[in-house]
Amino acid sequence: FLGLLFVWLFGRVAKKATSGVPSKTQLAVEMTVDLVDSSVKDTFHGKSKLIGPLGLTIFVWVFFMNLMDLVPVDWIPLFSSEVLGIPYMKVVPTTDVNITFGMSIAVFALIIFYTTKYKGPFGLIKDLTLHPIAPPTKGIGLIAAPFIILFNFVLETVALVAKPVSLSLRLFGNMYAGELIFILIALIGWFQLPLHFGWAVFHVLIVTLQAFIFMMLTIVYLSLASEKH
């Protein structure tokens, strides 16, 4: 639903965009596109028509999913239990590790794709075996070359796998912690309102920041995958 909302909203603004005085919605969309566009131009050093739309999709979609944390924690479970008979439904998708891992696995697949595209079919193997220590190519040092290659492979494989793992767990951990704080505040009762409002205002910053971090790290990882040096 949030993905369709994103596509509908940005498509509607694009069709009705005017060069005159923009509406508030058009202004918000233009500012978002400019933010993503400048971030991509400053960070991604390759050439690809996918990175800009990918960055925009990740930022807005993750932002929308995170923003659901501002919906009171008991509304959706009460509604779903009465209507659907499912009392454990959650409103914030990014507090489910399956969602964040799904997105990070897609980013991981793109890292492999871009590495192969820009560095050739053996580019990924070279990245995993010839860095950070260059193995000797002649002389007595050739004896140590297999051990250096093995060391590089273990080190770089861990670093490669850590990218999607950290990408997903960072987003999941921050949003899950935020949701738990909302739940703890809600347990106070009617006296929760000042605390709830204060945490909600602060949480808007977290919601935006986590979406931006997920987008920026994706761009950085794909930029590293496309740089031949």
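In the full protein context, the range 132-229 carries 60 Å² of accessible surface per residue, based on a 1.4 Å probe and ignoring ligands, DNA and RNA. Could you tell me the calculated FRET efficiency between Thr18 and Ile213, based on Cβ-Cβ distance and R0 = 25 angstrom, to the nearest 0.05? Plugging the Cβ-Cβ distance into 1/(1 + (r/R0)^6) gives 0.15. The longest stretch of the chain left intact once loop-based chymotrypsin sites (Phe, Trp or Tyr not before Pro) with at most 14 other Cβ atoms within 10 Å are removed from consideration, loops following DSSP, is 123-229.
Expressed as a fraction of 2.2 N^0.38 Å, the rule-of-thumb size for a compact globular protein of N residues, what is the C-alpha radius of gyration of the range 145-196?
Working: Rg = 21.2 Å, N = 52, 2.2 N^0.38 = 9.9 Å.
Taking the Cα Rg and dividing by 2.2 N^0.38 Å, one obtains 2.14.
Using only Cα atoms, what is the ratio of the radius of gyration of the chain to 2.2 N^0.38 Å? Intermediate results must be reported in sequence, preceding the final value.
Values: Rg = 22.4 Å, N = 229, 2.2 N^0.38 = 17.3 Å.
Working it through for the chain, the quotient is 1.29.
Could you work out how far apart the two model spin labels at Thr57 and Tyr118 are, taking each label as a point 7 Å from the Cα in the direction of the beta carbon, and quote it in nm? It is 1.9 nm.
Helices meeting the span-like rule in the chain (full DSSP H runs, Cα extent of at least 30 Å along the helix axis, mean Kyte-Doolittle score of 0.5 or higher): 97-119, 145-186, 193-226. Taking the Cα centre of the chain as the origin and placing charges on Cβ (Lys, Arg +1; Asp, Glu -1), which of Leu171, Leu209, Gly11 is farthest toward the positive end of the dipole? Value computed over the given set: Gly11.
First measure r as the distance between the Cβ atoms of Ile125 and Lys90, then evaluate 1/(1 + (r/R0)^6) with R0 = 35 Å and state the FRET efficiency to the nearest 0.05.
On the way: r = 41 Å, r/R0 = 1.18.
Working from the Cβ atoms, E equals 0.25.
Evaluated at q = 0.11 Å⁻¹, a Debye calculation over the C-alpha positions of the range 1-90 (equal weights, vacuum) places log10 I(q)/I(0) at -0.47. For the chain, carbon and sulfur atoms together expose 75% of the accessible surface, with a 1.4 angstrom probe and every protein chain in place.
With a Förster radius of 41 Å applied to the C-beta separation of Ala177 and Lys228, the computed FRET efficiency comes to 0.55. Distance distribution note for the range 36-85: the fraction of Cα pairs above 13 angstrom is 68%.
Only DSSP H runs of four or more residues enter the estimate; each adds -39500 (n - 2.57), and after division by the residues of the chain the mean residue ellipticity at 222 nm equals -25000 deg cm²/dmol. With the cut-off at 25 Å, tell me which of the pairs Lys41/Lys119; Lys24/Lys90; Lys24/Lys47 have Cα atoms farther apart than that. Flagged as over cut-off: Lys24/Lys90; Lys24/Lys47.
The values are calculated or read from the model by the stated rules, or taken from the named source; none is laboratory data. What you see is a predicted model; the values in this text were computed from it and never measured. Please note: Cβ atoms are built from the backbone with ideal geometry, for glycine as well, and neighbour counts cover all protein chains shown. Surface areas here come from the heavy atoms of the whole protein model, side chains and all, with no ligands, DNA or RNA. Shrake-Rupley method; radii C 1.70, N 1.55, O 1.52, S 1.80 Å.
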